[in-house]
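The values are calculated or read from the model by the stated rules, or taken from the named source; none is laboratory data. All of these numbers come straight from a predicted model, not from anything done at the bench. Every residue, glycine as well, gets a Cβ built from its backbone with ideal geometry; the counts of neighbours run over all protein chains shown.
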Amino acid sequence: MGDSLLYFIEVTIGGLLAGVMYSLVALGFVLIFKASGIFNFAQGVMALFAALTLVGLMEKLGVPAWVAIVMTIGVMILLAWLIERLVLQHLVNQDPIILFMATIGLAYVLEGVGDLMWGSDVKALNVGLPDGAVDWMFDLGIYVTKLELVAAATAAALVAVLAVFFQRTRIGRALRAVADDHQAALSVGISLRTIWVIVWSVSGIVALVAGIMWGSSSGVQFSLSLIALKALPVLILGGFTSIPGAIIGGLIIGVGEKWAEIYLGDYIGHAIENWFAYVLALAFLLIRPQGLFGEKIIERV
Amino acid sequence: MTQHERAIGDTLLKVDNISLGFGGVQALSNISFDIREHEIRAIIGPNGAGKTSMLNVINGFYHPQEGAITFKGEVRRAMRPHVAAKQGIARTFQNVALFKGMSTLDNIMTGRNLRMHKNILWQMLYYGPARTEEMEHRRRVEEIIDFLEIQAIRRVPVGKLPYGLQKRVELARALAMEPELLLLDEPMAGMNVEEKEDMCRFILDVNEQFGTTIALIEHDMGVVMDISDRVVVLDYGRKLADGTPDEVRGNQDVIDAYLGVPHDEGEA
C-alpha cells in the first residue's frame, strides 16, 4: 500500500518535471505568437541551435560554462536581429500562413547552419548542473534527479522574471500593447521592428534555457528539435496567447502521459507516452478550441 | 463659441497634392490644405470621402503615391507612424483602438512610452532612477485622468468599459503623448447627447489650455460648425471646399454633395 502510494508520487513528480521541459519550449512559442501573431515553427530548432552553439563554444574555445552561456545569449540576440532584418521586415502585413511558412524555412536553415558549424554527432552538455538522485527523497523511496529539480526551479524563475518584465517595465507594457493592437501601438510611437527584435531575443533566450535543460539530461542531438512537436499539444491545451497556459499545459501533458503510461499501459498497450499528448490535444480542439487560458477567437467575416 | 481666447499661429502642417490609391480605387486625388498652430481644423465629407485615409496619410499608416507632407517645416513624401509620434502627432481611431486587456492607467501610460528612457535593468528592478521616472510619468498621467474626469475607472480593463468611456480613455492616451498635433477620428461617433457635450468641452479645453492643434473628423454638423475654426470638405477623394464654417455652409458644391438637404442642415 505504502509502496504504491510512493510510486504514484514518484510518477507524478517525474511527470511534472518532464512537463516543465515542454513548458519551456511552449513558452518561447507563446511569446512570439502574442507579440506578432506568428506561429514560430522554428522554436524547437532554436533550442537545438542554442544548445549546439553553447556546446560548440565550450569545446572549441575551451571557455568556462558561464562565459559560453553569455556568448550564446549574444548569438541568440544577433540571430533575432538577423531574422527581423532578413525575413520579418520583408513580410510585414502578409498573411499569417506566409509568415508560418517562413519560419519553417528558418527551421531548416538553422538546422543546417548548426550542423555545418558544429557537426551532427551527439554531444554531452555539462554546464556544471548537479546530477544524480536527490538523497533525502531517495531515502523516502522516491527517485528524483537533482537536474530535474534545477530545471523546475529555473523554469519557475524564468516565468517570474518574464512576469516582472511584462508587468513592470515600459518595454513589457509596449509588448502587451503590440499584442493587443498593432495600429494603436504604432500611433503611440512604439516601433514594431524594435519590439520584434526584443521578443525574438527573449524567446531565443528561453530557447537557450530549454536547450541547456534538455541537453544536460539527454545530450545535445538533432532529435532535440522534435520536442517542439510536443510543445504543440501543450499550446493547444494552454491557449496560444497565455504564458500561464503554456506552463500549466506543459505540466498537464507531462503528468498525464506518465500516468497513462503507468496505469493504462497494461490494459491498452504501452508506448502511450508517444501519442497521449496528441489525443488529449485533439479532444481539447473538439471541446475547447481556445485552450484553457486562451482568448476566444471571434473572427469578423 | 467659435471665438477662442488664443492666437492662431503659423502653418504647422501642410499637405500638398496628396494622391493615394489602392489598386484601382483612388482614395485621395490631389488634396492640399494646411493646419495652423493652435487651431481646430475639421475634415468633413460623406462616407467614403477619404477622411480617414487623409488622417492615415498624415500619421504615416498610408504612404501616398504623390504629394508631400510638411510638418514643422520639414518636407517629406511619407511619414512613418512611430516617427510621426516622436515628432508630436497623436491620434485616436474611428473604431477605438485601445489595448483591451490592459487597465485604463496602463493604456494611458503607453502614451508616455516615448518619453521614458531608463535602462531596462533598472526598470525590471523597479528601483532607483527607473522608479523615479515611472512615478514622474504617473503624476502626469494622473493629471490627464483628472482633466478628463475618469478617476473612477483607473484600474478597470478598458475592454469592460462602455463605448463612450473608451473613447475618452483613447483621448487620454493621445494627450499623454503631449502632442503638438492631435488627430481625432470621429471622437463623438456613437455617443449620446450628454457624452457628446462632454467630449466637445474636453476638445475645446485641450485646445485652449494646452494650445494643442487639433484636426478632427466628425459627422455631427452642429458640433463641427460650433467648435472648428476652419473646415475642409472632401467628397470622393477630392477637395470640395475649404474655409470657415460659415463659408463652407454657404458653398453650393458642399450643399449639393453633402449637406444637400434643404429642410434641415443641422443633420448629416
Q | Sole exception among (1) free of Cβ contacts under 8 Å to residues at least 40 places away in the same chain; (2) in contact with a strand residue (DSSP E or B) (Cβ under 9 Å, 6 or more places away or on another chain); (3) not small (G, A, S) for A:R168, by number | A | (2)
Q: May I ask you to verify whether B:T110 is more than 8 Å from chain A (Cβ to nearest Cβ) and closer than 28 Å to B:G190 by Cβ?
A: no
Q | Conditions (1) part of a helix (DSSP H, G or I); (2) within 9 Å of chain B (Cβ to nearest Cβ); (3) not small (G, A, S): number failed by A:I190 | A | (1)
Q: Quickly run through the stretch A:166-177 and pick out the residues that are crowded, with 22+ Cβ neighbours inside 10 Å and either farther than 24 Å from B:H82 by Cβ or more than 9 Å from chain B (Cβ to nearest Cβ) (or both).
A: A:L175
Q) Only one of (1) outside any loop (DSSP other than H, G, I, E, B); (2) without any contact (Cβ under 8 Å) to a residue 60 or more places away in the chain; (3) of a type outside the set (D, E); (4) within 25 Å of B:E136 (Cβ to Cβ) is not met by B:M199, so which one is it? A) (4)
Q: Taking A:A228 as meeting all but one of (1) at pLDDT 80 or above; (2) surrounded by 24 or more Cβ atoms within 10 Å (Cβ to Cβ); (3) touching a Phe, Trp or Tyr at 6+ places or on another chain (Cβ under 8 Å), write down the number of the exception.
A: (1)
**Q.** Top-ranked residue in the stretch B:158-176 [being within 12 Å of the chain's Cα centre (by Cα) and at the interface with chain A (Cβ under 10 Å from one of its Cβ atoms); ranked as surrounded by the most Cβ atoms within 10 Å (Cβ to Cβ)]
**A.** B:R173
Q. Out of the stretch B:85-103, which residues are in contact with a strand residue (DSSP E or B) (Cβ under 8 Å, 6 or more places away or on another chain) and more than 9 Å from every other protein chain (Cβ to nearest Cβ)?
A. B:Q87, B:G88, B:Q94, B:S103
Q: Working only within the stretch B:10-52, note down all residues that are touching a Leu at 6+ places or on another chain (Cβ under 9 Å) and within 14 Å of another protein chain (Cβ to nearest Cβ).
A: none
(Q) Looking at (1) more than 20 Å from the chain's Cα centre (by Cα); (2) at pLDDT 80 or above, which one does A:G132 not meet, given that it meets all the others? (A) (2)
